[in-house]
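Here the structure is laid out as structure tokens; the discussion comes afterwards.
The values are calculated or read from the model by the stated rules, or taken from the named source; none is laboratory data. Keep in mind that this is a model prediction, so the values were computed, not measured. Every residue, glycine among them, receives a Cβ derived from its backbone with ideal geometry; neighbour counts consider all protein chains shown.
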Amino acid sequence: MLKLEKHSFIFLRHGQTDANLNEVAQGQLDYPLNPLGRQQMVEATHVLAPYLSALGPQTIHTSTLRRAKESVKIIKSYFPQTKIKYHEDLSEAHWGVKTGKSPHPWRKKWLGDKYVPDRGISFLDYRTRVVNKINHILKEAALHDPVPIILGHGGTWWALMRVLGRPIHLAGNASVMLVSYEYGRLRIRTLTAATGKEN
């Protein structure tokens with residue numbers, strides 16, 4: 001059974017792209033941030049500031065897609081000491097023939113493990129890939145990083161929610177979530193929830 005390491009971390013979704021705005025399932029399409037997305041990331045950086053300031057030089061782990069790279073570089077422009085590590089396994093799911101199309105209604109079936117787009121990845125395989133990578137990050141963080149930051153995608157958050165046994169819901173663009181364990185109990189707090197579409 002797939003489980004997540006019990007180590008606190010911050011999850012941050014990338015800022016808005018035009019694909020998000022137009023409700024397109026972008027998956028591996030490499031959209032840049034739009035103007036609102038860049039502003040969202042500035043606001044998210046202010047939310048992260050207490051953590052980036054108080055905990056010393058932090059490492060942000062993110063995907064190799066452009067919207068994630070642009071998002072993390074905005075944070076680094078305010079906190080130059082921040083380290084960035086790119087991980088292909090944190091990238092969004094490949095939607096196959098559904099890439100570039102509306103995510104309705106097929107995505108709900110995908111999230112329920114009842115549908116796999118032709119030439120795409122199953123939700124089971126995707127969440128296994130994502131959670132294995134995050135577990136590797138958290139194991140390393142246990143030695144030197146009290147609250148690592150993971151900047152990911154909508155699919156990244158869905159994978160985490162499934163593995164943590166929580167209802168799958170949308171993390172809006174540039175939303176910041178603190179996943180922590182207090183007295184051994186899981187707690188998920190929304191530090192900020194920017195508006196955004198689900199892909």
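Quick look at the values:
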| item | result |
| --- | --- |
| Gly184 vs. criteria under 16 Å from Ala68 (Cβ atoms) and modelled with pLDDT under 95 | no |
| Enumerated helices (runs of 4 or more DSSP H) restricted to region 104-199, each holding at least 3 residues that are touching a helix residue (DSSP H, G or I) at 6+ places or on another chain (Cβ under 7 Å) and within 23 Å of Tyr86 (Cα to Cα) | 123-144, 154-163 |
| Scan of region 1-43 for residues that are closer than 29 Å to Glu140 by Cα, part of a loop (DSSP other than H, G, I, E, B) and in contact with a strand residue (DSSP E or B) (Cβ under 8 Å, 6 or more places away or on another chain), ordered by number | Lys6, His7, Ser8, His14, Gly15 |
| Members of region 162-174 found to be crowded, with 17+ Cβ neighbours inside 10 Å and at pLDDT 95 or above, listed by number | Arg162, Val163, Asn173, Ala174 |
| Candidate set: region 44-77, residues that are assigned to a loop (DSSP other than H, G, I, E, B) and either modelled with pLDDT of 95 or more or in contact with a His (Cβ under 6 Å, 6 or more places away or on another chain) (or both); chosen: the one surrounded by the most Cβ atoms within 10 Å (Cβ to Cβ) | Ser63 |
| Qualifying position, being over 25 Å from Lys76 (Cβ atoms), surrounded by 13 or more Cβ atoms within 10 Å (Cβ to Cβ) and either at pLDDT 95 or above or not charged (D, E, K, R) (or both), among Ile121, Ile149 | Ile121 |
| Residues being within 25 Å of Ser8 (Cβ to Cβ) and under 12 Å from the mean Cα position of the chain (by Cα) - total across region 88-116 | 4 |
| Residues of region 151-191 satisfying the condition of being among the hydroxyl-bearing types (Ser, Thr, Tyr), over 14 Å from the mean Cα position of the chain (by Cα) and on the phi < 0 side of the Ramachandran plot | Ser180, Tyr181 |
